[in-house]
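Colleague: Following this message is one structure expressed as structure tokens.
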Amino acid sequence: MIGYGLVALAQVKHFAQAVCDVLGKGEQNAAVWLLCETVAAETQYGTYKDPTPNGAGRGLGQIDKVPFEDVKARASRADVDALKAAFDIDIKMIEWDDLNFSPLLSMIFTRLHYKLRPGAIPQTLKGRAEYWKKYYNTVLGKGTVDQYIVSARNFRDYY
């Protein structure tokens, strides 16, 4: 069963591409790959619901409350304005729970989270897996680089 507002798995790439068209694709479309792979690692492309009571994270990207608030506080004015122009969304008005029902909002916050991190998005799957672990899942998360790679490969047909 698909969740988080999706009706088809192929929508993940559609939303990732739309968001990256506004917020930046990275070199050789690396941001689109990173968003799709992050969703594969975090929610198995929207087919896995967090069993934690009240859910530890929200949306396709399983964004935790602290990073969500950090994104709202530190997103650049240029990015906030670009999102308003492209999607008529004011991220300052979004609530954390909204991410559970909107794949677009989930992708926006996932991309903005990565934009706050240093360095270019790596070009290789392994590099992106290590980048995800360092900056997204962190040392506190249960995910591993190997799990990211396996999940990304399992859903590769969709992106």
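The values are calculated or read from the model by the stated rules, or taken from the named source; none is laboratory data. Quantities reported herein were computed from a predicted structural model and do not represent experimental measurements. Neighbour counts run over all protein chains shown; Cβ positions are idealised from the backbone, glycine included.
Colleague: Looking only at segment 66-76, decide whether some residue is of a type in the set (Ser, Thr, Tyr), in contact with a Phe, Trp or Tyr (Cβ under 9 Å, 6 or more places away or on another chain) and part of a loop (DSSP other than H, G, I, E, B).
Modeller: no
Colleague: Scanning for something surrounded by 17 or more Cβ atoms within 10 Å (Cβ to Cβ), among the hydroxyl-bearing types (Ser, Thr, Tyr) and modelled with pLDDT of 95 or more, does segment 73-80 turn up at least one residue?
Modeller: No, segment 73-80 contains no residue that is surrounded by 17 or more Cβ atoms within 10 Å (Cβ to Cβ), among the hydroxyl-bearing types (Ser, Thr, Tyr) and modelled with pLDDT of 95 or more.
For every residue, the table says whether it meets (1) within 17 Å of the chain's Cα centre (by Cα); (2) within 20 Å of residue 132 (Cα to Cα); (3) among the β-branched types (Val, Ile, Thr).
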position: 18; (1), (2), (3): yes, no, no
position: 22; (1), (2), (3): yes, no, yes
position: 40; (1), (2), (3): yes, yes, no
position: 64; (1), (2), (3): yes, yes, no
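Colleague: A further question on this structure: Go through segment 3-34 and count every residue that is outside any helix (DSSP H, G or I) and small (Gly, Ala, Ser).
Modeller: Of the residues in segment 3-34, 6 are outside any helix (DSSP H, G or I) and small (Gly, Ala, Ser).
Colleague: So, in segment 1-20, how many residues would count as being under 16 Å from residue 111 (Cβ atoms) and without any contact (Cβ under 8 Å) to a residue 12 or more places away in the chain?
Modeller: Of the residues in that region, 1 qualify.
Colleague: Additional query: Please go through segment 35-47 and give me each residue that is touching a helix residue (DSSP H, G or I) at 6+ places or on another chain (Cβ under 8 Å) and assigned to a loop (DSSP other than H, G, I, E, B), ordered by number.
Modeller: 44, 45, 46 - these are the residues of segment 35-47 that are touching a helix residue (DSSP H, G or I) at 6+ places or on another chain (Cβ under 8 Å) and assigned to a loop (DSSP other than H, G, I, E, B).
Colleague: Counting only residues that are small (Gly, Ala, Ser), at pLDDT below 95 and on the phi > 0 side of the Ramachandran plot, give me the helices (runs of 4 or more DSSP H) lying completely in segment 85-159 with at least 3 of them.
Modeller: Fully inside segment 85-159 and qualifying: nothing.
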